[in-house]
Every structure is written in C-alpha cells, then in structure tokens.
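The values are calculated or read from the model by the stated rules, or taken from the named source; none is laboratory data. Source: prediction; values computed, not measured. Please note: Cβ atoms are built from the backbone with ideal geometry, for glycine as well, and neighbour counts cover all protein chains shown.
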Amino acid sequence: MGSKGAAVATPTQIYEDFVPTSKLVQEELSDTLHLNIPGFKKEQVRVQLTKTGILKISGQRPIGQNKWQRFQKDFPVAENCDKSKISAKFENGILHVKQPKLITSTLKKDKELRASEAENTTAKRQKTSLREEFTKQDNADINNPAKEPAKEEQDSTSPKTSEQTEARNLGEKSLADKSSSSSSYSESESDESSDDSTDDETTRKASCLAANLKKPRKMMKMTLVALLILGIGVYVANMMKSANEAEEMDLVFL
C-alpha cells in the first residue's frame, strides 16, 4: 500500500545563462544589429518589439540531460527608426535585425541638393573662365590692331611722298622756263594734292577705328551666346532632376 501511494519525482531542469556578444552597424539608410548566438537554431530564438520601442531578444536550447542554455537581451530602437519595417534574419549562428530609418527620403533630397550645388558651382566656374578668356581676347584685339593700320599708313604714305617729291622737281624745272603765273598755278596744284592726301589719311583712320570698334561687339555677342547656351543646359538638367525627384517620391508613397 505504501508503494502505491508514493509520488513520482520529476527531474528538475537546470538553466545556464548565456550572454551573447552584439554589434550595431550604423549606415546611412538603416541600422543593423548583429547578435552572435552560436549553437542556437532559428526555432529556438524569439524577437519581440514592445510598444515603448524596445527590442527583446531571447532564446533557450538543450545542452544536456535536464540542462538548458538560455539568454535574454534588450536593445532600444532608435527614434528615427521605421518600426513597421523592422526585419530579422538568422544565418550561421548570427541574428541580424535590420532597422530602416525614417529619414531616407530626406537623405536622398540632401544628396541631390549637394549634387545640384556642385554642378552649379562647376557651371559658374566655367562661366567665369569663359569671361576671363573673352576679356583677354578683347584686350588683345583692341591693342594689336591699332599697330597694323599704322604700318599700312606708313606704306601708303611712302608712295605719296615720292609722288610729291617728283611733282616738286617738275615744278622747279617748270619755274625756270615758265613765267610767274605758271609757278603760282603749280603751287596751287601741290596744295590741292596735299589736301587730298590728308583727306585720304583721315578717311582710312576712321575706317580702322570703326573696324576696331566692331570687333569687341562681335566678341561680346559670342560671349552672350555661349552664356545663354550654358544657362539653357543647366536649366534643362535641373528640370530633369526635379522630374526624377517627383517620380521617386511617388514610388515611396505608393
């Protein structure tokens, strides 16, 4: 009777606490928690997210007769984490918990703004370099052509001076043979020829000055055309980027 009423003793379970090592890798778009739990299986690990934003990771596995190994660790979730997109993955004894950030769209916009600012600065540098080059060319065109007409004037005046000397020699010879009336007539002709030569010189100088004035205007027109083309290119690039931004925002909201 005593043997029948005796209670059967149940073996007690012995638990061994285990403290796994962890590592948090912070990236631009997300943070990933790596928890090293060798010997555990996927079915023996549990990941929970509380309302207060705490990740509770726990697990237990048998390591012998009535002997178990267990662990439990809590990790706070970042404020900028998108809690609805947290995911867990278990590979080769390592638990990976990915925590996407909420400011992904803001970071993309910041990147695009930096890229557009860099392009604008390069465009401005190109514009300034083009302006400097055009200014140098304008100064060179203004200074150099002024010397060439002087050479042309010297070349053009040299035959005139020879003609004038011949006319004077002829006048001197005619003075010995002709009367005082013919001498006065030759002097009047020489005066008229000198007046004509001065008129020709002034006309040529005026034409040279007009040509020199036209050259800077042409260079200014070319500069304006080049700047206009650069401005159109930058505007088109910005419009294409804004369209791409709008498409990306639509994909995110969908």
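Quick rundown of the values:
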| quantity | calculated |
| --- | --- |
| So Thr21, is it β-branched (Val, Ile, Thr), loosely packed, with under 13 Cβ neighbours inside 10 Å and modelled with pLDDT of 95 or more | yes |
| Inter-residue pairs, beta-carbon under 9 Å, first farther than 30 Å from Cys81 by Cα and in the stretch 1-29, second of a type in the set (A, V, I, L, M) and modelled with pLDDT of 60 or more, 6+ apart | Glu16/Ile63 |
| Residue within the stretch 107-115 that is more than 16 Å from the chain's Cα centre (by Cα) and among the small types (Gly, Ala, Ser) present | no |
| Segments classed as strands (runs of 3 or more DSSP E), wholly inside the stretch 35-112, with at least 2 members that are of a type in the set (S, T, N, Q) | 54-64, 67-76 |
| Residues (in contact with a His (Cβ under 7 Å, 6 or more places away or on another chain) and surrounded by fewer than 14 Cβ atoms within 10 Å (Cβ to Cβ)) located in the stretch 61-96 | Lys89 |
| Looking only at the stretch 43-64, and only at residues there that are of a type in the set (Lys, Arg) and farther than 14 Å from Ser87 by Cα, the one that is farthest from the chain's Cα centre (by Cα) | Arg61 |
| Some residue of the stretch 96-109 being small (Gly, Ala, Ser) and closer than 30 Å to Tyr235 by Cβ | yes |
